[in-house]
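Okay, so here's the structure we're looking at.
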Ligand code: HSE
């Protein structure tokens, strides 16, 4: 059997998973490819740390040229992460004739045009299944199997770290900081976990999915984003009491006014499939005009699940399937039709509002009055005295009917400036 040589740049959590699969499952991979796949080089600046994988001699190097100058290596996996040096490395790999597989959502969401243009100009492919949803083949589903559809809606949990943290807080009462540390220990979190918890990672993944599925071309920074770092344990408790669970949702929806896009902690009814996705699992619900409702679910983070997607892309690249799809998709291409994005202020939805207020006559009416003047109708109210003392503040939970985002933000700004309000209002969307 012939041998095909591949290389890996970045020997962290996912890189280790890729090496484990390629060295541990040689026969399985050879059957899928029809050739032996040899991981000849792994490049990382740390060549000393023991990753628990036994490598043949000379595989591990800190010299990038050992990969770019080796003309026998046709496919390279980039798992460095972040913008630089990953961007320069990928551009230089493409220039030296390599096809690239990457899990780098931050880079693609930020410099997609540049990377994909470069790949087209050198007649190479870039594959990125592992960039969104870990093991879930969502990029593949949207790019190939669902091509007969115009997508109507996409609703997703695509950050394993956040989902893990929310699950730990809800089910075990774990405090936020401990849950973050555990997600890091398990290899779910980004190098900087702030990227997970502040919603950046989710919004970057949504930008990629929205481009792929809805033809939306935009800076990920322009998508409205709230992370789970705004969620307090008390909100999880109140949500449960009201029959909901809090999930960090990424949403894209086609409306007559353009594509609605946002990332936000959201109260979802406890008996729905999305509410029951636990731990590091992700879910992507896609509604196509002809396919109808589709749900993809699986492990969204971690060493082997993410490596599964990387190796799948590597196999597709070696076989030439990745190049066919890549050429047809014309990702971020100038000629690709672009869909209009809906003004975020016009997005409509229900909200959970938590106010911390003085407990005295007229306060409830004052807050309700401001909401009313902003055309926000209240669906239910829950009041909780924080403790028995007379001057202790009261917590008010309002569930609203559907209102405009712009009106909701304006109303909260006004309410937060009232003398009777003792803390910043917490707001979350309600599905
Ligand atoms: N930090 C990411 C997550 C890894 O938790 O989902 C997968 O992209």
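Coordinate-derived values only; no laboratory data. Because the structure is a prediction, the values reported are computed rather than measured. Using ideal geometry, Cβ is built from the backbone for each residue, glycine included, and neighbour counts are taken over all protein chains shown.
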Practice prompt. Find the centroid of the Cα atoms in the stretch 62-138 and in the stretch 1-48, then give the distance between the two in whole Å.
Written response: 16 Å
Discussion item. Cut-off 10 angstrom, C-alpha nodes, Gaussian network model of the chain. Which of 374, 172, 401 fluctuates the most?
Written reply: 172
Fill in: Scaled radius of gyration (Cα, divided by 2.2 N^0.38 Å) that the stretch 152-299 gives
1.02
Discussion item. I need the Debye-formula profile for the stretch 281-324: one equal scatterer per C-alpha, no solvent, reported as log10 I(q)/I(0) at q = 0.25, 0.27, 0.31 1/Å, two decimals.
Written reply: -0.84, -0.84, -0.90
Practice prompt. With r as the distance between the Cβ atoms of residue 348 and residue 276 and R0 = 30 Å, compute the FRET efficiency 1/(1 + (r/R0)^6) and round to 0.05.
Written response: 0.70
Worksheet item: Direction-averaged shadow area of the convex hull around the Cα atoms of the stretch 346-430, nm²?
Response: 5.0 nm²
Practice prompt. Could you tell me how many degrees, from 0 to 90 and to the nearest 10, lie between the Cα long axis of helix 160-172 and the main elongation axis, the longest principal axis, of the Cα atoms of the chain?
Written response: 50 degrees
Worksheet, complete the sentence: Taking every C-alpha to C-alpha distance in the stretch 1-55 and binning by 5 Å from 0, the per-bin percentages run 4, 20, 30, 23, 14, 7, 3
Worksheet entry | Three-way shape label, the stretch 226-311, alpha-carbon gyration tensor, a/c 1.5 | oblate
Discussion item. Per q in 0.10 Å⁻¹, report the Debye log10 I(q)/I(0) for the stretch 79-206, using one uniform scatterer on each alpha carbon and no solvent.
Written reply: -0.39
Worksheet entry | Angle in degrees between helix 405-416 and the longest Cα principal axis of the chain, rounded to the nearest 10 | 50 degrees
Item to complete: Set the Förster radius R0 to 35 Å, insert the Cβ-Cβ distance between residue 431 and residue 192 as r into 1/(1 + (r/R0)^6), and round the FRET efficiency to 0.05.
Response: 0.75
Item to complete: Specify whether the C-alpha gyration tensor of the stretch 40-97 places it in the rounded, prolate or oblate class, a ≥ b ≥ c being the square roots of the eigenvalues: rounded for a/c under 1.5, otherwise prolate if a/b is larger than b/c and oblate if not.
Response: oblate
Worksheet, complete the sentence: Taking Cα atoms only, helix 86-95 is inclined relative to the longest principal axis of the chain by an angle, in degrees rounded to 10, of 40 degrees
Discussion item. Need one number: nm distance between label points at residue 148 and residue 31, each 7 Å from Cα along Cα→Cβ, rounded to one decimal.
Written reply: 3.0 nm
Response to the item:
In cubic angstrom per residue, the convex hull of the stretch 294-393 built on its Cα atoms measures 240 Å³
Worksheet, complete the sentence: Output ordering of 241-248, 334-341, 8-15 (per-residue mean of other Cβ within 10 Å, highest first) is 8-15, 241-248, 334-341
Practice prompt. Beta carbons within 10 angstrom, averaged per residue: use that to sort the peptides 249-261, 140-152, highest first.
Written response: 249-261, 140-152
Worksheet item: So what is the relative contact order of the chain, in percent, for Cα pairs below 8 Å that sit 6 or more residues apart?
Response: 17 percent
Worksheet entry | Calculated on alpha-carbon atoms, Rg and Dmax of the chain in Å | 23.8, 83
Worksheet, complete the sentence: In nm², the average projected area of the convex hull spanned by the Cα atoms of the stretch 10-143 is 8.4 nm²
